[in-house]
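Engineer: Input: one structure, supplied below.
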Amino acid sequence: MSNQKKRNFQIEAFKHRVVVDPKYAEKTWSILEHAIHEIYNHNASGLSFEELYRNAYNMVLHKFGEKLYSGLVATMTAHLKEISKSIEAAQGDLFLEELNRKWNDHNKALQMIRDILMYMDRTYIPNTHKTPVHELGLNLWRDNVIHSSKIQSRLLSMLLELVHRERTGEVIDRGLMRNIIKMLMDLGSSVYQEDFEKPFLEVSAEFYMGESQKFIECCDCGDYLKKAELRLNEEIERVTHYLDVKSEVKITNVVEKEMIANHMMRLVHMENSGLVNMLLDDKYEDLGRMYNLFRRVPNGLSTIRDVMTSHLREIGKQLVTDAEKLKDPVEFVQRLLDEKDKYDSIISQAFSNDKTFQNALNSSFEYFINLNNRSPEFISLFVDDKLRKGLKGVSEEDVEIILDKVMMLFRYLQEKDVFEKYYKQHLAKRLLSGKTVSDDAERSLIVKLKTECGYQFTSKLEGMFTDMKTSQDTMQGFYASHPELTDGPTLVVQVLTTGSWPTQPSITCNLPAEMSALCEKFRSYYLGTHTGRRLSWQTNMGTADIKATFGKGQKHELNVSTYQMCVLILFNNADRLSYKEVEQATGIPASDLKRCLQSMACVKGKNVLRKEPMSKDIGEDDAFFVNDKFTSKFYKVKIGTVVAQKESEPEKQETRQRVEEDRKPQIEAAIVRIMKSRRVLDHNNIIAEVTKQLQSRFLANPTEIKKRIESLIERDFLERDNNDRKLYRYLA
């Protein structure tokens, strides 16, 4: 097969001429024209579509395509003019039904005509760049029916009238509306837009402008938003039923602009029902509705956010500056937490957990918490209260929740180092008095602080726990080496590492003889087992349990401070002691002694002593006696020391001074770190960098930074540039 030559085929033209009947085109066209008339007159059942197709095919083949095309245009135009007249004649609501019916008829006719003229559609029309049959039929319908002078305006007004009726609560024929709107869309997007959509949007804007004015005058904010939401949903539903999908954005924009954007400020500030009232009354549903509606318009959410922020800052400012509310630190912090919980709940339930609202909430809290420079102290007192007694019987999960909330407030503090100072003092008291509810809770909080601020922040706090554990082992060793001490008073010593604990300069009081002897034995034991160490007694931080017998032989065990023990032991050898005698015998500082006596003589239920004359305060001329009439339903009685929960003014100044001193080396270290890496830097950039580096602990004061720079220059760490005095160089 492969060896055979390939044959080339050629098709040759007829040798003789084919003669066409001169009247062929006229005859054939008249057949086709008659068929078109019959189709439009609903008599198509008697037609032979095969024959008609062949006739149209032959006309195109014999170059009579132009005649066929122009004949089609003329015939269809004539029919459509007749149709137009019958539609015009329809009365009232029948007008749209007639239009719809005729449109359906025209579409069916067009389908049949296109089938007959398919060959022309495929060959002649593309070659001559004419409009295809189906598109031609639509264009002719548009020009002769829809755009006829008597139909166009009537059609628009009837469509808008139906929409208006539906908006005012009437039920309309949505199916008919859908068909008419679909017809306009089929005629081309420009027809739909120009003949219906643009006027529809204009009329809608007018309608909603009027309606919004009416609603806003008579409704409160919540009701108005309900109506606006309802209208918006109605328009979206209307689009799904009978409008073009692309119209949804346009009509919703109209509703949003007229009902929301134009009235935003009035709505949020509406008297007795605006945004602030919703926030105060926890109206989650209304707030959620406002959020969802306002997010649809430009600057909507920022308007809500700004009003919420200013309201939050206002109530926060009142909270932290109201002297009445600052009397109880625990209550003060609880109010802050309640406020935070309230707004967290609003943001999660009503504002879709919007991050921008969360940020606004955080910045507001940070703003007003730092307006009160005692916030770090109060937060530490709150923790102290919870970890002493407030968490008894609370599950571990709830403890974690409370600690997390405290950490959240801690993050807002600019002066975290001040919190650390107070926290350390309070933790020391809890550990030494054994009053902490749970070691796990204490450690959990330290881990959280460590995560937040780094190892530096908590290393000393962890050292305090280590000391407590080591002290237990030391006491076991002490008693093991002194078995003779099992009878008589029992001594428990906590050995504290100087750097880790917030110890004050100790003023030792005169301990009772038997205790003093025990202390000396412990000193000898400890210094014998640890070389190179010094011990100094912190009697102001100790506690004691003593057994007492009162008037009628009533016995109690009293839990007292070391100072109180020293005072009470004096009454073993005396019935009456004056203030001066007690002061001389014990050597306790006057301020501490007065508090100590006040707690034992002036507190109802704890008054193991009585004083003359009776008064709330202790005077230097007072005399003290054992209160033989003392009774208590408990065998063990704890006698606390009368102490201001908050610091006194001098103590506050002292703490502040210690904090300022501690900051100096940190600021210097930051300056040296920055200059070491940058080598040369101007004054403003050093201030900015140092502030940024230290902001996790405290807000550095630019004046203090400047002083530290001067100090470093004096000590030859830095030097000023000779030409530019604001430029610093690092000296290696």
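Engineer: Taking a cut-off of 18 Å between Cα atoms, list the lysines near LYS327, but don't count ones fewer than 8 places away on the same chain.
Structural biologist: Output for LYS327: LYS317, LYS386, LYS646, LYS652.
Engineer: Could you check what % of the DSSP bridge pairs in the chain are antiparallel, to the nearest 5?
Structural biologist: Details: 20 of 23 bridges.
The answer is about 85 percent antiparallel.
Engineer: Can you give the Rg to Rh ratio for the range 208-350, taking only C-alpha atoms and Rh from Kirkwood? Let's see the in-between values first.
Structural biologist: Values: Rg = 18.5 Å, Rh = 16.8 Å.
Answer for the range 208-350: 1.10.
Engineer: Right, here's the next one. If I histogram all Cα-Cα distances within the range 155-235 using bins 10 Å wide from 0, what percent of pairs lands in each bin?
Structural biologist: Calculated over all Cα pairs of the range 155-235, the distribution is 16, 43, 28, 12, 1 percent.
Engineer: When all alpha-carbon pairs of the range 650-730 are counted, what percent fall beyond 20 Å?
Structural biologist: More than 20 Å apart: 31 percent of the Cα pairs in the range 650-730.
Engineer: On alpha-carbon atoms, Rg over Rh for the range 304-467 using Kirkwood Rh?
Structural biologist: Numbers: Rg = 16.3 Å, Rh = 16.6 Å.
Across the range 304-467, the Cα-based Rg/Rh ratio is 0.98.
Engineer: A further question follows. Sorting check: for 224-231, 121-128, 62-69, which peptide has the highest mean count of neighbouring beta carbons within 10 Å, and how do the rest follow? Mind showing how you got there, number by number?
Structural biologist: Working: 224-231: 19.2, 121-128: 14.8, 62-69: 17.0.
Highest-to-lowest ranking by the protection proxy: 224-231, 62-69, 121-128.
Engineer: Would you kindly derive the ³J(HN,Hα) couplings of the range 257-269 from the backbone phi angles with the Karplus curve 6.51 cos²θ - 1.76 cosθ + 1.60 (θ = phi - 60°), listing them in order in whole Hz, with x for Gly and Pro?
Structural biologist: Whole-Hz 3J(HN,Hα) from phi for the range 257-269: 5, 6, 9, 10, 3, 6, 10, 3, 4, 5, 5, 5, 9.
Engineer: Here's something else I'd like to know. Taking only Cα atoms of the chain, what ratio of Rg to Rh do you get with Rh as the Kirkwood inverse-distance radius?
Structural biologist: 1.31
Engineer: A further question on this structure: Given H placed on each backbone N at 1.01 Å, which residues far from SER578 in sequence or on other chains put an amide H within less than 5 Å of it?
Structural biologist: PHE624
Engineer: Would you compute the Debye intensity of the range 581-723 from its alpha-carbon atoms alone, equal scatterers and no solvent, and pass along log10 I(q)/I(0) at q = 0.10, 0.12, 0.15 Å⁻¹ to two decimals?
Structural biologist: -0.59, -0.65, -0.79
Engineer: Calculate what fraction, in whole %, of the accessible area of the chain sits on carbon and sulfur atoms when a 1.4 Å probe is rolled over the protein chains.
Structural biologist: Values: 19590 of 39600 Å².
Looking at the chain in its full context, I get 49 percent from C and S.
Engineer: Give LYS416/LYS638; LYS340/LYS633; LYS555/LYS611 a once-over and call out the pairs whose C-alpha atoms are over 32 Å from each other.
Structural biologist: Exceeds cut-off: LYS416/LYS638; LYS340/LYS633.
Engineer: Here is a further query. Rounded to the nearest 20 Debye, what is the dipole magnitude of the chain about its Cα centre when Lys and Arg each give +1 and Asp and Glu each give -1 at the C-beta?
Structural biologist: Values: 107 positive and 108 negative charges, 419 e Å.
Magnitude of the dipole: close to 2020 debye.
Engineer: If you don't mind, another one. Suppose we look only past 15 Å in the calculated P(r) of the range 411-504. What percent of the Cα-Cα pairs does that tail hold? Write down the numbers at each step before the final one.
Structural biologist: Values: 2862 of 4371 pairs.
Cα-Cα pairs of the range 411-504 separated by over 15 Å account for 65 percent.
Engineer: Right, here's the next one. Please list, or write none, the aspartates and glutamates whose alpha carbon is within less than 15 Å of the alpha carbon of LYS606, excluding same-chain residues fewer than 8 places away.
Structural biologist: Leaving aside aspartates and glutamates fewer than 8 places away in the same chain, those within reach of LYS606 are ASP545, GLU557, ASP628.
Engineer: Right, another one. Sticking with the crude label model, points 7 Å out along Cα→Cβ, report the distance from ASN58 to ASN253 in nm, one decimal please.
Structural biologist: Placing both labels 7 Å beyond Cα along the Cβ direction yields 5.8 nm.
Engineer: Please compute P(r) over all alpha-carbon pairs of the range 543-638, binned at 10 Å starting from zero, and give each bin as a whole-number percent.
Structural biologist: P(r) over the range 543-638, rounded to whole percents: 16, 56, 27, 2.
Engineer: If you average 1/r over all unlike Cα pairs in the range 520-563 and invert the result, what Kirkwood radius do you get in angstrom?
Structural biologist: Numbers: mean 1/r = 0.0753 Å⁻¹.
Value: 13.3 Å, from the Cα pair sum.
Engineer: Between the alpha-carbon centers of the range 32-107 and the range 670-732, tell me the distance in whole angstrom.
Structural biologist: Value for the Cα centre distance between the two parts: 92 Å.
Engineer: Percentage of Cα-Cα pair distances in the range 114-266 greater than 25 Å, rounded to whole percent? Before the final figure, lay out the partial values.
Structural biologist: Values: 5017 of 11628 pairs.
Beyond 25 Å sits 43 percent of the P(r) for the range 114-266.
Engineer: Accessible area per residue, 1.4 Å probe, Å², for the chain: what's the number?
Structural biologist: Working: 39600 Å² over 732 residues.
With all protein chains present, the chain gives 54 Å² per residue.
Engineer: Go ahead and run the numbers for FRET between VAL603 and THR531, Cβ-Cβ distance against an R0 of 45 Å, rounding to 0.05. Don't jump to the answer; show the numbers that get you there.
Structural biologist: Values: r = 46 Å, r/R0 = 1.02.
So, using R0 = 45 Å, E works out to roughly 0.45.
Engineer: Provide VAL659, VAL276, VAL249, VAL330 ordered by accessible surface of protein heavy atoms (probe 1.4 Å), highest first. If you can, show how the numbers build up before the last one.
Structural biologist: Numbers: VAL659 5, VAL276 50, VAL249 95, VAL330 25 Å².
Reading off the accessible areas and sorting them downward yields VAL249, VAL276, VAL330, VAL659.
Engineer: Angle, helix 513-529 long axis vs. longest principal axis of the chain, Cα atoms, 0 to 90°, nearest 10?
Structural biologist: 70
Engineer: Shifting gears a bit: Which entries in the list LYS342/LYS405; LYS81/LYS198; LYS421/LYS450; LYS108/LYS246; LYS706/LYS726 go over 19 Å, if you measure between the two C-alpha atoms of each? Walk me through the numbers on the way to the answer.
Structural biologist: On the way: LYS342/LYS405 13 Å; LYS81/LYS198 27 Å; LYS421/LYS450 15 Å; LYS108/LYS246 28 Å; LYS706/LYS726 11 Å.
In this structure, LYS81/LYS198; LYS108/LYS246 lie more than 19 Å apart at Cα.
Engineer: Sequence neighbours fewer than 8 away in the same chain don't count; with that in mind, list the aspartates and glutamates whose C-alpha is under 14 Å from LYS435.
Structural biologist: Hits, sequence-local ones excluded: ASP384, ASP385.
The values are calculated or read from the model by the stated rules, or taken from the named source; none is laboratory data. As the structure is a computational prediction, the values presented were derived from the model and not from experiment. Cβ atoms come from the backbone with ideal geometry, glycine included; neighbour counts cover every protein chain shown. Heavy atoms of the whole protein, side chains included, go into the accessibility calculation; ligands, DNA and RNA do not. Shrake-Rupley method; radii C 1.70, N 1.55, O 1.52, S 1.80 Å.
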